[in-house]
Amino acid sequence: MHPDDGRVVLAGRDGWTRALRSSVGVVPSGDRSFYLRISGLENLVFFGRLHGFSRRDAVARAGELLARVGLEESARVPVGVYSHGMQKRLSVARALLARPLLLLVDEATHDLDPEGSRRVRRLVEASAADGAAVLWTTQRVDEIRGFVNAVTLLNRGRVRFAGSVPRFMSYSPQQRFHLRLGLERTATAGEPLEALVAPALTGKGTLRAAEEGHAGHYLLALDDGVVLGDVLASLTALGVAVLTCTEEKSEIEEAFFALTADAGT
């Protein structure tokens, strides 16, 4: 479709031409554009021909991409019997047909299981490693951790944040962790563990017992700028064994809530 207004400039090229359109690959959120009665190979060859490939080149490129996304053994199976995850990988393969300069990925993992999500992310990462710029949109904010170079948060049509992931995470309020602790030495009779360690945690954070019925379980809230490892070292020095430590809430999710709090849901 031609834009009603504005300009599109990609890699220094201006104008919404066929060549520019072919430089953009798209992985849609809900994909209903495959032909279910024909095979994955036939689908990719069809779309390759739409890109202007000769039949021979389309077959070769389709075979290469099916192997890359792990669908080589299902190449001649009708797409209608593919699992949802297989169809999503086929969608990634189709987006890469013309070796795009820009890959637009929309909610690619929202309905996939963890293994399927990881495979799709790895395919997209490989495309970026090959030189494509990737614009990945998602509402699963936790998946940006260790995955993206920069993040832009849109809320009600406004840019609420644009910058690096660490800077985005800095908007998270106090970090909280769930600890399971044990004493390596005998505590003062009758003195609760949180009171025993309180002096050592001054200026670092606070420790309180979790809900009743969970002996040995505690919630740790870190003060701003404090590194978790320093607090765990302080506990260990007091003879407190840290048996498990898990983040109570995602920093990324908490940062999202903090940045959108004044805009409603």
Which FRET efficiency, nearest 0.05, do S54 and A237 yield, Cβ-Cβ r, R0 51 Å? 0.10
For the pair R180/H84, report the inter-label distance in nm, with labels modelled 7 Å from Cα in the Cβ direction. 3.2 nm
Hey, got the dipole for the chain? About the Cα centre, +1 on K and R Cβ, -1 on D and E Cβ, debye to the nearest 20? 1520 debye
Rel. contact order, % - alpha carbon contacts under 8 angstrom, at least six apart, the chain: 16 percent
Given contacts defined as C-alpha pairs under 8 Å and at least six residues apart, what's the relative contact order of the stretch 9-139, whole-number percent? 32 percent
How high is the FRET efficiency between A258 and L102 when r is their beta carbon distance and R₀ equals 35 Å, given to the nearest 0.05? 0.70
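Would you mind calculating the gained length between E247 and R118 on full extension (0.36 nm times residue separation, minus the Cα-Cα distance), in nm to one decimal?
44.3 nm is the gain from fully extending E247 to R118.
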0 to 90° range, to nearest 10: angle between helix 55-68 axis and the chain longest Cα axis: 10 degrees
Quick one: angle between helix 251-260 and the longest Cα principal axis of the chain, in degrees between 0 and 90, rounded to 10, please. 80 degrees
Rounded to 5, percent antiparallel among DSSP beta bridges of the stretch 9-139: 25 percent
What ³J(HN,Hα) values, in whole Hz, does the Karplus curve 6.51 cos²θ - 1.76 cosθ + 1.60 give for the stretch 112-119 when θ = phi - 60°, with x put for Gly and Pro? 10, 6, x, 5, x, 4, 5, 5
Using only DSSP helix segments of four residues or longer, with each worth -39500 (n - 2.57), what per-residue ellipticity at 222 nm results for the chain after dividing by its residue count and rounding to 500? -9500 deg cm²/dmol
Considering only the chain, percent of DSSP beta bridges that pair antiparallel, nearest 5: 75 percent
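Rule-based calculations on the coordinates, nothing more; no lab input. In this text, all values refer to a predicted model and were calculated from it rather than measured experimentally. Reconstructed Cβ throughout: ideal geometry from the backbone, glycine too, with neighbour counts over all protein chains shown.
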